[in-house]
Amino acid sequence: MKPKVILILNKKVSEVSESCPTATVDIEENAKNRNWTIDKFGYGPLNPDAPDPGFWEEKAELWNSDIETVKTARCGNCAAFDQTDKIMDCMIKGINETMAADPQDVLDRANLGYCQLFKFKCAATRTCDAWLHGGPIRD
């Protein structure tokens, strides 16, 4: 089956196929896509556990809302946040390839999913300018 590809701003952002998305198993591809999303769509904050009022003030201004409401729009409840079994298995495979850490521990601590919009491993407690109501994607 030929993969289905969707383009946004001339960037391949979603591919449907039987294999793992490249960014789930290739740390360089993941970092490239994540950094692009930081630059173009304000992915963050850097450390969700630390106060970052400037980050949240910018999001509140962008969405014409208040900071507390904006803080409820997180990757973990975004319609593009993929935590299906297939994607989680792909991310475990990618973490095992580097042998950097226990893969399940990494997934659990960061509450990771895969951003289907921007093709990178995404932390549930972060957000971006393209947040969509209605997630996450699960089996």
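The values are calculated or read from the model by the stated rules, or taken from the named source; none is laboratory data. This structure is a prediction, so every number in the text was calculated from the model and none was measured. Methodologically, a virtual Cβ is constructed for each residue, glycine included, from the backbone with ideal geometry; neighbour enumeration extends over all protein chains shown.
Residue pairs whose Cβ atoms lie under 7 Å apart, separated by 6 or more positions or on different chains, with the first residue in region 52-74 and in contact (Cβ under 8 Å) with a residue 60 or more places away in the chain and the second part of a helix (DSSP H, G or I) and surrounded by fewer than 15 Cβ atoms within 10 Å (Cβ to Cβ), do not occur. When we screen L117, L46 for residues that are among the hydrophobic types (A, V, I, L, M, F, W, C), part of a loop (DSSP other than H, G, I, E, B) and crowded, with 19+ Cβ neighbours inside 10 Å, the only hit is L117. Taken over region 74-94, the criterion of being assigned to a loop (DSSP other than H, G, I, E, B), of a type outside the set (K, R) and buried (at least 18 other Cβ atoms within 10 Å of the Cβ) is satisfied by A80, Q83. So which of C75, C20 is under 14 Å from the mean Cα position of the chain (by Cα) and modelled with pLDDT of 90 or more? Just one listed residue meets the conditions, C75. Here E61, E57, E68, E29 are screened, and the one residue that is acidic (D, E), loosely packed, with under 11 Cβ neighbours inside 10 Å and assigned to a helix (DSSP H, G or I) is E68.
Against the conditions (1) touching a residue at least 60 places away in the same chain (Cβ under 8 Å); (2) over 20 Å from N47 (Cα atoms); (3) out of contact with any strand residue (DSSP E or B) (no Cβ under 8 Å at 6 or more places or on another chain); (4) among the hydrophobic types (A, V, I, L, M, F, W, C), A130 satisfies every one except (2).
Of all positions in region 84-106, none carries a residue that is modelled with pLDDT of 95 or more and in contact with a His (Cβ under 7 Å, 6 or more places away or on another chain). Please determine whether any residue of region 5-12 is under 11 Å from F118 (Cα atoms), under 14 Å from the mean Cα position of the chain (by Cα) and either assigned to a strand (DSSP E or B) or at pLDDT 95 or above (or both). For region 5-12, residues under 11 Å from F118 (Cα atoms), under 14 Å from the mean Cα position of the chain (by Cα) and either assigned to a strand (DSSP E or B) or at pLDDT 95 or above (or both): absent.
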